[in-house]
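Below is one structure, written out as structure tokens; the observations come after it.
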Amino acid sequence: MNFDWSIVTEYLPFFLKGTLWTIGMSITGILIGCILGLFIALGKMSSIKIINLPFVWYINFFRGTPLLVQLLLIHFGVVPIFMTPANPIVSTILTLSLNSAAYVAEIFRAGIQSIDKGQTEAARSLGMSNTQTMRYIIIPQAFKRMIPPLGNEFIVLLKDSSLAAIIAAPELMYWGRAAVGQYMRVWEAYLTVALIYLVLTLSLTYLLNYIEKRVATE
């Protein structure tokens, strides 16, 4: 295999630019997903059937259908309702956020339900409301247990953001495809893209392990 380094050198600024977009869209997606996921988790945990049913089916839809299908539906069906032409970056962030919210909701639900019910009863005996109990007692303890799965979800979201190249969002994979399209050579572009993703995911893994250890010692 004759590896042409000139292709990597030429496209390196674009790869770096795409990497920044990849990181930015992924971070935005996971942050919005966490906010939505918390409310979805609380809605699903409701004992009132008419309240929890929409949240259950929200989770079923986004966990049970491919992310690529969701991206295409949102980019070509939903976003054009609000802006024309549809912005691929907006479509990507919206899709990642909604998809992540479904998975994060299950992480929050499992974390909240893992806390002993006796703590809830103790908080209520002290006169704390349900909201206060959830905010000051349950969620802080549950969050420590949720760090590993939340970290894994972020890593998965980071890699899944590569699907945005399909709708021409200028992230990392988009520029890899552009380089391949120009030179008709796959090794140089796709190996570079793969190595950048590997560096990102390994860095995130080490960072999350560090945070998990720090939280465990507190």
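Quick notes on this one:
- Within the range 80-115, the set of residues being more than 17 Å from Phe39 (Cβ to Cβ) and either modelled with pLDDT under 80 or small (Gly, Ala, Ser) (or both) comprises Ala86, Ser91, Ser114.
- Hits in the range 97-135 (condition: of a type in the set (Ser, Thr, Tyr) and surrounded by fewer than 11 Cβ atoms within 10 Å (Cβ to Cβ)): Ser125, Ser129, Thr131
- Taken over the range 166-213, the criterion of being basic (Lys, Arg) and at pLDDT 95 or above is satisfied by Arg177 alone.
- Whichever residue in the range 136-146 is buried (at least 18 other Cβ atoms within 10 Å of the Cβ) and over 15 Å from Ala105 (Cβ atoms) and, among such residues, is farthest from the chain's Cα centre (by Cα): Ile137
- Positions within the range 163-173 being under 14 Å from Ile23 (Cβ atoms) and assigned to a helix (DSSP H, G or I), in sequence order: Ala164, Leu172, Met173
- Applying a threshold of 9 Å to beta carbon distances and a minimum spacing of six or more residues, or different chains, the list of pairs starting in the range 127-151 at a residue that is assigned to a helix (DSSP H, G or I) and ending at one that is of a type in the set (D, E, K, R) and modelled with pLDDT of 80 or more reads Lys144/Glu212; Ile147/Glu212; Pro148/Glu212; Pro149/Glu106; Gly151/Glu212.
- Considering only residues in the range 50-82 that are in contact (Cβ under 8 Å) with a residue 40 or more places away in the chain and under 10 Å from Asn99 (Cα atoms), the one that is surrounded by the most Cβ atoms within 10 Å (Cβ to Cβ) turns out to be Leu71.
- The residue pairs whose first member lies in the range 190-215 and is farther than 25 Å from Leu12 by Cα, whose second member is among the hydrophobic types (A, V, I, L, M, F, W, C) and assigned to a helix (DSSP H, G or I), and whose beta carbons are closer than 9 Å, counting only pairs six or more residues apart or on different chains, are Leu208/Ile147; Leu208/Leu150; Leu208/Phe154; Leu208/Ile155; Ile211/Ile147; Glu212/Ile147; Val215/Phe143; Val215/Ile147.
- Meets criteria (without any contact (Cβ under 8 Å) to a residue 24 or more places away in the chain and assigned to a helix (DSSP H, G or I)) for Gly181: yes
- Residue pairs meeting the criteria (Cβ under 6 Å; at least 6 apart or on separate chains; first surrounded by 16 or more Cβ atoms within 10 Å (Cβ to Cβ), in the range 21-36; second among the charged types (D, E, K, R)): Trp21/Glu171; Thr22/Glu171
The values are calculated or read from the model by the stated rules, or taken from the named source; none is laboratory data. Just so it is clear, the model here is predicted, and its values are computed rather than measured. Neighbour counts are summed over all protein chains in view; Cβ atoms, including those assigned to glycine, are modelled from backbone coordinates with ideal geometry.
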